[in-house]
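Single-structure report; data block below.
The values are calculated or read from the model by the stated rules, or taken from the named source; none is laboratory data. The model shown is predicted, which means the values in this text are computed figures rather than measured ones. A quick note on method: Cβ atoms are made from the backbone with ideal geometry, for glycine too, and the neighbour counts reach across all protein chains shown. Protein only, heavy atoms only, side chains kept; ligands, DNA and RNA dropped before computing areas. Shrake-Rupley method; radii C 1.70, N 1.55, O 1.52, S 1.80 Å.
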Amino acid sequence: MSEQTRGEEQPALQPADEETIPELVIISGMSGAGRSTAAKCLEDLGWFVVDNLPPALIPTMVDLGARSQGNVARIAVVVDVRGRSFFDSLRESLTDLDAKGVTRRVIFLEASDNALVQRFESVRRPHPLQGEGRIVDGIAAERDLLRELRGDADLVIDTSHLNVHELRAKMDAQFTGGEPGLRATVMSFGYKYGLPVDADHVVDCRFLPNPHWVPELRPHTGTSEEVAGYVFDQPGAKEFLDRYAELLSLIAAGYRREGKRYVTVAVGCTGGKHRSVAVSERLARRLAADGIETVVVHRDMGRE
């Protein structure tokens, strides 16, 4: 058989398939704050999830995903203090990923000290960093270790007052659908229960008269038409909503330019039942009308 014949029988070489860089989410945060629940939620949404991966191996995992011919398009990695000997390499890995043009987000799960202590005590397990000390000692050490990562996170979720189902709903709201320009959480709260620690903006509605002191309105919440009507009939209420919505529209445009994908707006009144709920509902509608994907959370409604 001639060389020409052999060449004709051989199939032409095809160009190598182009590598598709996977989207990456890094899940971190406080032990007991819900990292496993967040990871499971993403797994249910079709993400390839790796738990407790040493940070130095994250670029390798992304490279492997890029060679999967599109079979691994979205990777979620859980990074926590169980891998603390590798934790110092996280920033180096993130720099490497940025240089490669990897779309990556850092999700940080937060909770109050009281909530974390109760969770560890309920399962009768020690905190991974408490050593011979108390649970609160381990929590303090972990907060110090994760402080810089929390500051750099794209999304901080406070799970202090969230159950498993509410956390899953919040993750679903953030990760379902197409890639949004900006996603907003509008959260009503009561000042007497403390400020939400994951708020980017805080709005104070206590300048409006309190429906609590109107006997026929006291049993209802701000989701009812009676209470909402009372709140927005007060002098300055509609003007306040209009101007604050305009301000958020301006801020949202800046967030989009800077690549920020998530924002939490906390709207507070005394108890988180009437004024803040009514304003949150209306504000969320305005943001949605402006093309911002919005979810409403009433943190303290029902606590009284």
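How many of the residues in region 42-55 are open to solvent by less than 60 Å² (accessible area, probe 1.4 Å) and under 19 Å from THR103 (Cβ atoms)?
8
Sort out which residues of region 242-297 are touching a Ser or Thr at 6+ places or on another chain (Cβ under 6 Å), charged (D, E, K, R) and surrounded by fewer than 21 Cβ atoms within 10 Å (Cβ to Cβ), and write them in order of number.
If the condition is that a residue be touching a Ser or Thr at 6+ places or on another chain (Cβ under 6 Å), charged (D, E, K, R) and surrounded by fewer than 21 Cβ atoms within 10 Å (Cβ to Cβ), then ASP290 is the only one that fits.
Look through ILE58, ILE21 and report the one residue that is in a loop (DSSP other than H, G, I, E, B) and closer than 20 Å to ASP98 by Cβ.
ILE21
How many of the residues in region 142-193 are open to solvent by 60 Å² or more (accessible area, probe 1.4 Å) and either in a loop (DSSP other than H, G, I, E, B) or touching a helix residue (DSSP H, G or I) at 6+ places or on another chain (Cβ under 6 Å) (or both)?
6
For a quick check of your reading: which helices (runs of 4 or more DSSP H) sit entirely within region 194-304 and have at least 3 residues that are within 20 Å of the chain's Cα centre (by Cα) and of a type in the set (A, V, I, L, M)?
237-258, 275-289
Pick out the one residue from VAL78, VAL62 that is open to solvent by less than 50 Å² (accessible area, probe 1.4 Å), β-branched (Val, Ile, Thr) and within 24 Å of PHE120 (Cβ to Cβ).
Going through VAL78, VAL62 in turn, the sole match is VAL78.
Among the residues that make up region 64-86, is at least one of them of a type in the set (Ser, Thr, Tyr), closer than 23 Å to GLY131 by Cβ and at pLDDT below 85?
yes
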